[in-house]
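These notes are about the structure you will find just below.
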Amino acid sequence: MADAGVGDGAVAHTGAQSLRVDGGGGYCDHVFVANTEAIAAIGPQVYGRLWVRSEGALGQGHVTFATLRDAADAGGKDLRMGGQSEILMWNRESDDATLPSLSPAGIALSVGPPPGQWTCVEFPIDSAARALTTWVDGAEVGGLVIDGEPTPDVDQQWLGKPDWQPSLGDFKLGWESYAGQAMTLYFDDVALAGARIGCDG
């Protein structure tokens, strides 16, 4: 059973509370909280920052813990951040493209956040430049970058869709599993802005 409880006081990154999500292992057990106002006010360059703590490691199966609805892709399919093959990855819902490619070389270019610890995840998505970058604990992750130049094992598959130019409409946090992995996770110090926020911002 999936459940999202706001204001969990047992675990927090800063302050006294965080958002706790108890995500089920089935596709129909997904649970998300959404904000549609903040991202619409930012513009074509959206920077996100979140602190996330999962009670277990990412598994081999595909999971999602953050999404952004893309109005320019198939009428509003999601741009999804989550994991597969025990690493962080991005996934485009409309065609199931992944970043990085899930080849041995691509997997080696990403990271798996350690369970039971807070991890800072940052991302800028630039609609005009068709670009995306991901930082984990302040360091750029080479396998999680779209720079407009197709790179084998990284963004070559993603850029195979030449008209990808996201128009973001919301930001959601939660859990969805496509391969049976349940998870308890926490989110804290979540922010969206028009410039990089940083892990200390």
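The values are calculated or read from the model by the stated rules, or taken from the named source; none is laboratory data. Given the structure is predicted, the values throughout are model-derived calculations rather than measurements. Note: ideal-geometry Cβ built from the backbone for every residue, glycine included; neighbour counts use all protein chains shown. The protein model used for the area step is the full one, side chains on, heavy atoms only, and it has no ligands, DNA or RNA in it. Shrake-Rupley method; radii C 1.70, N 1.55, O 1.52, S 1.80 Å.
Annotations
- Annotation: of all residues in the stretch 182-196 being hydrophobic (A, V, I, L, M, F, W, C) and over 26 Å from residue 126 (Cβ atoms), the one that is surrounded by the fewest Cβ atoms within 10 Å (Cβ to Cβ) is 182.
- Screening the stretch 138-181 for residues that are without any contact (Cβ under 8 Å) to a residue 12 or more places away in the chain and under 28 Å from residue 118 (Cβ atoms) and picking the one that is most open to solvent (accessible area, probe 1.4 Å) gives 140.
- Residue among 105, 129 that is touching a residue at least 40 places away in the same chain (Cβ under 8 Å) and open to solvent by 40 Å² or more (accessible area, probe 1.4 Å): 105
- Within the stretch 163-201, the residues that satisfy the criterion of being aliphatic (A, V, I, L, M), in contact with a Gly (Cβ under 6 Å, 6 or more places away or on another chain) and part of a loop (DSSP other than H, G, I, E, B) are 179, 182.
- With respect to the conditions (1) open to solvent by less than 40 Å² (accessible area, probe 1.4 Å); (2) over 13 Å from the mean Cα position of the chain (by Cα); (3) among the aromatic types (Phe, Trp, Tyr), residue 135 lacks only one, and its number is (2).
- Residue within the stretch 38-52 that is touching a Phe, Trp or Tyr at 6+ places or on another chain (Cβ under 6 Å) and open to solvent by 50 Å² or more (accessible area, probe 1.4 Å) present: no
- Test for residue 140: is it closer than 24 Å to residue 60 by Cβ and not hydroxyl-bearing (Ser, Thr, Tyr): no
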